[in-house]
There are 2 protein chains.
Amino acid sequence: MQQTRQAEEGMVRVQPDELRRFVSSLLTTVGMAAEYADQAADTLVTADLRGVPTHGVSSMLRGYIHGMRRGWINATPEMSVVSERASAATIDCDRGLGVSLAPRAMVMAIEKARATGVGVITMRNAYHLGMAAYHALIACRQDMIGICMTATPPAVVPPNGSELRLGTNPIAVAVPAGRMHPFVFDAATSVVAASRLQAPKRTGASIPGNWLADAEGRVIREPGPVPEEYKLLPLGGSPEMGSHKGFALGMIVEIMCSLLAGALPAGMDRRSPFNHFVAAYDIAAFTDVQVFKQRMDEWLAAMEETPPAPGCDPVRTPGQGSTEAEADNIDKGVPLRPDVLEWFEEIRAELGVSLAVPAPITRP
Amino acid sequence: MQQTRQAEEGMVRVQPDELRRFVSSLLTTVGMAAEYADQAADTLVTADLRGVPTHGVSSMLRGYIHGMRRGWINATPEMSVVSERASAATIDCDRGLGVSLAPRAMVMAIEKARATGVGVITMRNAYHLGMAAYHALIACRQDMIGICMTATPPAVVPPNGSELRLGTNPIAVAVPAGRMHPFVFDAATSVVAASRLQAPKRTGASIPGNWLADAEGRVIREPGPVPEEYKLLPLGGSPEMGSHKGFALGMIVEIMCSLLAGALPAGMDRRSPFNHFVAAYDIAAFTDVQVFKQRMDEWLAAMEETPPAPGCDPVRTPGQGSTEAEADNIDKGVPLRPDVLEWFEEIRAELGVSLAVPAPITRP
């Protein structure tokens with residue numbers, strides 16, 4: 001699962017709906033249709049709410065606005081179905097943002113799954129997806145298993161290799177439970193995503209050995225600060241710890257998102273930096289939904305009640321932390337760094353947006 | 001990918017077809033229908049040919065025969081479709097062996113995929129699957145992406161946990177290429193499968209740190225011999241190396257194989273030790289098959305040509321080693337340990353099988 005974090009000291013909090021409206025207003029001002037802008041805003045704000053700020057407003061919005069103003073990202077994409085059967089389709093995304101388009105593709109997958117049991121959609125020629133779990137959760141709320149993957153620009157070396165050949169290529173799977181939180185996995189197929197390195201880079205804190213390779217591809221075995229130059233390693237880290245497995249999982253993501261969509265894989269493609277994949281499996285096509293959800297409840301609870309090893313924290317399950325963060329942040333407000341509000345003021349003035357910047361919530 | 005091995009010193013080699021016939025003959029003698037026995041023999045012999053003897057004749061056949069003689073494994077299972085839609089089905093396997101039944105389920109998945117683009121089948125109430133890649137490859141030969149997973153008995157602790165909560169739950173994915181070998185991934189979602197420990201246990205050789213937990217669930221950080229008591233760890237090994245990712249992948253396998261099939265997950269189930277999952281994605285439903293295979297060729301070749309890091313072996317891709325092993329072993333004969341041929345003589349006499357034990361191939 002992506003690293004979910006408690007809001008840090010010094011963060012300001014704003015009302016989620018105010019933030020959504022403001023973000024959407026910025027996006028429509030740079031040319032996005034209102035419907036796509038509202039969707040993008042919800043995808044971003046939900047990442048912040050679920051404790052994944054690396055995929056939220058603070059980290060992503062500037063780049064999206066910049067890309068649309070420069071014309072790299074198409075603000076008014078027209079999705080076209082390139083190939084289709086009852087349970088499958090390939091969509092060309094016309095250089096549009098995955099944050100806006102993947103929810104539509106997932107709705108198409110859900111409709112197919114409702115009819116046939118399964119819906120699988122590949123999305124080529126797109127831009128950034130946001131938090132993959134967002135899209136998987138759309139299916140989950142329809143009592144389906146939701147799957148979402150994205151093939152990202154090269155950042156990872158193969159086991160024994162010296163050059164970047166794969167993206168961090170995350171996989172998200174969301175599965176509904178009953179009274180318990182849904183199972184939500186969302187993780188890079190590299191040991192860590194680049195975003196995990198931001199804090200240690202800033203603070204100079206030591207990172208574990210086997211997290212990174214040096215510029216020539218050698219695994220950095222010893223703990224230490226993040227070096228000036230580095231390359232990411234596949235999940236597992238070193239070959240003896242099974243990095244061939246993380247590497248293969250990253251290749252599977254590339255196959256499902258890029259090659260199956262008729263796009264070139266990362267490193268062989270100069271056109272679009274991202275291709276995506278969404279799928280929905282309708283639980284009712286396989287088994288009784290209520291029994292399934294009740295067993296998910298019992299199983300997740302049993303996992304979380306596993307006696308910890310001596311001196312260890314409690315056992316956590318995928319989705320537990322993000323569900324807790326979301327409840328907390330809906331209650332207290334979306335946490336943002338103060339500099340983001342400053343940038344909001346600047347960009348608002350620059351673009352001539354009439355809507356006011358969301359006001360920080362003050363608590364008694 | 002599963003550890004593929006060059007045949008060790010002292011192995012004897014036998015003709016693949018002779019071995020298939022002999023294995024099938026043993027299985028029919030303990031009550032299996034000829035069709036199922038032939039299928040089981042091919043699944044096992046193919047594992048030996050592809051350099052995965054842990055899932056081949058030597059390692060598995062004794063247990064299967066024992067299980068059928070004792071009645072745990074049903075030698076004459078009747079598969080029944082519990083639930084079905086155009087792209088989905090759940091099958092009850094009537095306590096039959098996955099090695100015989102999963103190929104049938106995959107054929108059903110392929111037929112669904114041919115009609116709708118995708119076919120997904122869950123298989124509950126079954127016994128051992130053999131090499132998962134075998135079943136994935138059936139779809140691959142039909143120009144489809146084949147997926148196969150199996151939820152196995154508990155052997156793995158959760159991150160921070162002290163008790164076994166998941167099986168090694170492997171995932172196999174097979175993807176066709178053109179002139180290159182197919183992409184074939186087949187790996188446990190634990191750091192290593194139990195079978196990887198047999199050799200170091202026998203020889204006393206040291207294994208890397210972070211491969212295992214001790215009896216209380218503490219990660220064994222330092223290299224050393226395999227301890228008397230141990231527990232397997234999820235892929236990643238330790239929490240700071242991302243073992244929550246391996247854990248979540250193992251849970252996804254359990255969800256897809258067990259919960260989605262209406263079966264209880266490992267640790268909550270007293271009835272059947274294995275549940276399986278097979279799926280086929282028809283490439284032609286998404287994109288042009290010939291272009292897809294040509295790009296797979298180029299991409300696999302580019303990966304394998306990645307300049308190695310200083311002092312490292314060449315970069316390998318999933319399926320490369322097993323394809324090479326298969327070509328070599330088809331040429332030279334299936335490698336078996338000499339004690340397996342001795343056991344063949346014993347069990348042949350005990351069961352009253354008329355067929356002779358395969359003769360070792362002698363080379364000039």
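The values are calculated or read from the model by the stated rules, or taken from the named source; none is laboratory data. Owing to the predicted nature of the structure, the values given are computational and were not obtained by experimental measurement. Backbone-built Cβ (ideal geometry, glycine too); neighbour counts: all protein chains shown. Just so you know, the surface numbers come from the protein's heavy atoms only, side chains and all, with ligands and any DNA or RNA stripped out. Shrake-Rupley method; radii C 1.70, N 1.55, O 1.52, S 1.80 Å.
Among the residues in segment B:282-303, are any more than 10 Å from chain A (Cβ to nearest Cβ) and polar (S, T, N, Q)?
If we filter segment B:282-303 for residues that are more than 10 Å from chain A (Cβ to nearest Cβ), which is where we start, we get B:289-290, B:294, B:297, B:301.
Subsequent filtering for residues that are polar (S, T, N, Q) retains B:290, B:294.
The answer is yes; a qualifying residue exists.
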Criterion: in contact (Cβ under 8 Å) with a residue 60 or more places away in the chain and basic (Lys, Arg) - qualifying residue of B:Lys245, B:Lys231 | B:Lys231
Single residue of A:Gly51, A:Gly146 found to be farther than 23 Å from A:Gly250 by Cβ and of a type outside the set (Phe, Trp, Tyr) | A:Gly51
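Being open to solvent by less than 30 Å² (accessible area, probe 1.4 Å), among the β-branched types (Val, Ile, Thr), modelled with pLDDT of 95 or more and under 24 Å from A:Leu235 (Cα atoms): is that true of B:Val219 here?
Taking the combined requirement at face value, the residue does not satisfy it.
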Taking into account only those residues within segment B:71-129 that are away from every other protein chain (no Cβ under 11 Å), of a type in the set (D, E, K, R) and in a helix (DSSP H, G or I), which is surrounded by the most Cβ atoms within 10 Å (Cβ to Cβ)?
-> B:Arg104
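If you take the residues in segment B:230-270 that are β-branched (Val, Ile, Thr) and at the interface with chain A (Cβ under 7 Å from one of its Cβ atoms), which one is surrounded by the most Cβ atoms within 10 Å (Cβ to Cβ)? So that I can check it myself, show each step before the final result.
In the first step, residues of segment B:230-270 are kept if they are β-branched (Val, Ile, Thr); the result is B:252-253, B:255.
From what is left, the residues that are at the interface with chain A (Cβ under 7 Å from one of its Cβ atoms) are B:252, B:255.
Values: B:Ile252: 22, B:Ile255: 26.
Per the stated criteria, the residue is B:Ile255.
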Does at least one position in segment A:185-201 carry a residue that is free of Cβ contacts under 8 Å to residues at least 60 places away in the same chain, open to solvent by less than 10 Å² (accessible area, probe 1.4 Å) and in a helix (DSSP H, G or I)?
-> yes
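Residues checked against (1) without any contact (Cβ under 8 Å) to a residue 60 or more places away in the chain; (2) in contact with a His (Cβ under 7 Å, 6 or more places away or on another chain):
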{"position": "B:Val99", "(1), (2)": "no, yes"}
{"position": "B:Arg141", "(1), (2)": "yes, no"}
{"position": "B:Met144", "(1), (2)": "no, no"}
{"position": "B:Ile147", "(1), (2)": "no, no"}
{"position": "B:Val157", "(1), (2)": "no, no"}
Say whether the condition of being within 30 Å of A:Phe292 (Cβ to Cβ), among the basic types (Lys, Arg) and facing chain A (nearest Cβ under 10 Å) is met by at least one residue in segment B:205-218.
-> no
Please state which of the following conditions B:Ala7 fails to meet, knowing it meets all the rest: (1) at pLDDT below 95; (2) aliphatic (A, V, I, L, M); (3) assigned to a strand (DSSP E or B).
-> (3)
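For segment A:310-355, how many residues are part of a loop (DSSP other than H, G, I, E, B), open to solvent by 20 Å² or more (accessible area, probe 1.4 Å) and more than 16 Å from A:Pro16 (Cβ to Cβ)?
Residues of segment A:310-355 part of a loop (DSSP other than H, G, I, E, B): A:310-319, A:333, A:337, A:352-355.
Those still in the list that are open to solvent by 20 Å² or more (accessible area, probe 1.4 Å) too: A:310-314, A:316, A:337, A:352, A:354-355.
Checking which are more than 16 Å from A:Pro16 (Cβ to Cβ) leaves us with A:310-314, A:316, A:337, A:352, A:354.
Count: 9.
Can we say A:Asn275 is closer than 22 Å to A:Ala47 by Cα and away from every other protein chain (no Cβ under 14 Å)? Show your work before the answer.
Numbers: closer than 22 Å to A:Ala47 by Cα: yes; away from every other protein chain (no Cβ under 14 Å): no.
No, not satisfied.
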Of the conditions (1) more than 14 Å from chain A (Cβ to nearest Cβ); (2) within 17 Å of B:Ala33 (Cβ to Cβ), the single one that B:Gln142 does not satisfy is (2)
Return a yes/no flag: does segment A:160-182 have any residue that is at pLDDT below 95, open to solvent by 20 Å² or more (accessible area, probe 1.4 Å) and of a type outside the set (D, E, K, R).
-> no
Say we look at segment B:54-68 and pick out the residues that are under 11 Å from B:His128 (Cβ atoms) and among the hydroxyl-bearing types (Ser, Thr, Tyr); which of these is surrounded by the most Cβ atoms within 10 Å (Cβ to Cβ)?
-> B:Tyr64
Any idea which residue in segment A:336-357 is modelled with the highest pLDDT, counting only those that are under 21 Å from A:Thr54 (Cα atoms) and either of a type in the set (Lys, Arg) or touching a Gly at 6+ places or on another chain (Cβ under 9 Å) (or both)?
-> A:Leu336
